[in-house]
């Protein structure tokens, strides 16, 4: 799947930074290098360059989506993005007892303070969050409003930063999988799977066919359940309570079937490096199949009339995605291979990249193992792109649309907060 | 599908809300009522308004909280609802290990609530920091920042468990209100 990581000289990196192609998927660092994951002809390309004099040439002047990654790299490792378009802090709100926690020598604590939002003078700023009411992830949304229109929305994240990367460092892949599974709850299977694949890629470990099939079943069951949760939230925000009830009912049925099969409603910790934690309970596959059949039968009738704009477009993508998940999972369940469900992981060194398709978009994990211990790791969640998409969608939109548009993106900040 | 057919199907299919099986645990109710009594606090009767704060959650507890609110468990039929501001919240419901970046928001919300300021920690992270204990970025469970009245453990706790905990809180509050009014 992956081409070997390329280490670029300063000149090569600068040349790459000056071209908009290939587009950026993720940017992160370790104590010595910065790493950029690029999407080159649908194949991921991982390139690195050494950090010199505490910095590296920024990607954000040409690829604006790199700006928040650069701010994160600065806050966690202390590396400066030279020439970057935004040098404000991102994860570090000045509340930690130290700065650059992942650097070889962390620094003194940063000064606490509210980040500066840059809006034109004639725009009214409306602050929302981090406590948003209802049942919402912690995030701060700053609306720049003129009359009843949103001129610009800027998201400020980092409130749920738990230090996941630091907690993973130094652990074995099996021990660290618990943290990957808790990066973002609505995509716990996808993150555990991408993490396991990265570890298996690093160690050239083959996973038994039955485990591969069960993993894909779990991934599709998670997709169906999570997208049903998002669809229910959209229907609630649009005032379509009857449809919301049906989405919620099916979501609950799918979660219960997952519980019957794997012993956990969210299937947390069920995917582990080398395979899956345990084979499904007897009758578990049948329980999942029943829930999916009932869902597929009613789904075509669950239209959401009256949605417009981004909410409508999101719903139009989401319902076919639920149908696709049902179809894939049922196909896998019908042809499950027999055999063991996990393989032992060798204790060795190496680097690996893992991918999984989460309900909200692609998930990428990268890690480097040093004699069986994780020396360096990064986990990229679709929330990085999702909040930027929300900002684009809300520019020029009526302020009253925010709740509905926000619901239609199904955003959770935890995945990007690390 | 025509509106008539949809209506007919709804009538035939019946309600999706399940009978209330998650009973409030008697010992938990007694202990909570004792806490309210010791604090000299009046109860609130048969209704609770909850403000949810994500203090550093992965989002798993939120999935289950939304399930508790929605049709199958239907939290509102017990008189428990989620609100948008601490100014009229009876209960602060905390999820997640408390991140240092959320400490101030949590303290401000707690300070803005009217008495008796009940606090519930939902999920292993909010109970004691869970797997994130010891990180530079978290202080630990909700109790490191605000006084906690009820712990609901689980990663995440299943909807029945959350429902049983919240009903125990409602029961204790109602019992206390009756005791105060009969004096």
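The values are calculated or read from the model by the stated rules, or taken from the named source; none is laboratory data. From a predicted model like this one, the values you see are computed outputs, not experimental measurements. Cβ: placed from backbone, ideal geometry, glycine included. Neighbour counts: every protein chain shown.
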*Identify all residues within the range B:126-155 that are at the interface with chain A (Cβ under 8 Å from one of its Cβ atoms), in contact with a strand residue (DSSP E or B) (Cβ under 8 Å, 6 or more places away or on another chain) and buried (at least 20 other Cβ atoms within 10 Å of the Cβ); write none if there are none.*
B:132, B:137, B:138
*In the range B:170-182, is there at least one residue being under 21 Å from residue B:28 (Cβ atoms), surrounded by 23 or more Cβ atoms within 10 Å (Cβ to Cβ), in contact with a helix residue (DSSP H, G or I) (Cβ under 6 Å, 6 or more places away or on another chain) and at pLDDT 95 or above?*
no
_Among the residues of the range A:213-241, what is the count of those that are farther than 22 Å from residue A:293 by Cβ, part of a helix (DSSP H, G or I) and without any contact (Cβ under 8 Å) to a residue 60 or more places away in the chain?_
1
*If you take the residues of the range B:56-80 that are part of a helix (DSSP H, G or I) and more than 10 Å from every other protein chain (Cβ to nearest Cβ), which of them is surrounded by the fewest Cβ atoms within 10 Å (Cβ to Cβ)?*
B:77
*Among the candidates A:311, A:253, A:258, which residue alone is in contact with a helix residue (DSSP H, G or I) (Cβ under 9 Å, 6 or more places away or on another chain), in contact (Cβ under 8 Å) with a residue 12 or more places away in the chain and closer than 15 Å to residue A:217 by Cβ?*
A:258
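From the residues in the range B:81-100 that are touching a residue at least 40 places away in the same chain (Cβ under 8 Å) and either more than 8 Å from every other protein chain (Cβ to nearest Cβ) or assigned to a helix (DSSP H, G or I) (or both), which one is nearest to residue A:137 (Cα to Cα)?
Among them, the one singled out is B:95.
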*Find the strands (runs of 3 or more DSSP E) located wholly in the range A:66-154 whose residues include 1 or more that are within 12 Å of chain B (Cβ to nearest Cβ), and list them.*
A:124-128, A:140-146
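Hey, any hits in the range A:295-304 for a residue that's surrounded by 21 or more Cβ atoms within 10 Å (Cβ to Cβ), touching a residue at least 24 places away in the same chain (Cβ under 8 Å) and either over 21 Å from the mean Cα position of the chain (by Cα) or away from every other protein chain (no Cβ under 12 Å) (or both)? Full working, then the answer.
Here is the first cut: in the range A:295-304, the ones surrounded by 21 or more Cβ atoms within 10 Å (Cβ to Cβ) are A:295.
Right, trim to touching a residue at least 24 places away in the same chain (Cβ under 8 Å) and you get A:295.
Add one more test, that the residue is either over 21 Å from the mean Cα position of the chain (by Cα) or away from every other protein chain (no Cβ under 12 Å) (or both), and what stays is A:295.
Yes, the range A:295-304 contains a residue that is surrounded by 21 or more Cβ atoms within 10 Å (Cβ to Cβ), touching a residue at least 24 places away in the same chain (Cβ under 8 Å) and either over 21 Å from the mean Cα position of the chain (by Cα) or away from every other protein chain (no Cβ under 12 Å) (or both).
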_Filter result (away from every other protein chain (no Cβ under 13 Å), at pLDDT below 95 and surrounded by 21 or more Cβ atoms within 10 Å (Cβ to Cβ)) within the range A:199-246_ = A:238
*Can you tell which of A:310, A:371, A:365 is under 27 Å from residue A:205 (Cβ atoms) and buried (at least 18 other Cβ atoms within 10 Å of the Cβ)?*
A:365
*Name the residues in the range A:29-45 that are part of a strand (DSSP E or B) and either under 22 Å from residue A:415 (Cα atoms) or within 21 Å of the chain's Cα centre (by Cα) (or both), would you?*
A:29, A:34, A:35, A:36, A:37, A:38, A:39, A:40, A:43, A:44, A:45
*Pick from the range A:46-103 the residues that are within 21 Å of the chain's Cα centre (by Cα) and over 23 Å from residue A:389 (Cβ atoms): which of them is surrounded by the most Cβ atoms within 10 Å (Cβ to Cβ)?*
A:76
*Exactly one condition in (1) assigned to a helix (DSSP H, G or I); (2) more than 30 Å from residue A:201 (Cα to Cα) is not met by residue A:327; state its number.*
(2)
*All but one of (1) assigned to a helix (DSSP H, G or I); (2) more than 30 Å from residue A:92 (Cα to Cα); (3) at pLDDT 95 or above; (4) in contact with a strand residue (DSSP E or B) (Cβ under 9 Å, 6 or more places away or on another chain) hold for residue B:106, so report the exception by its number.*
(2)
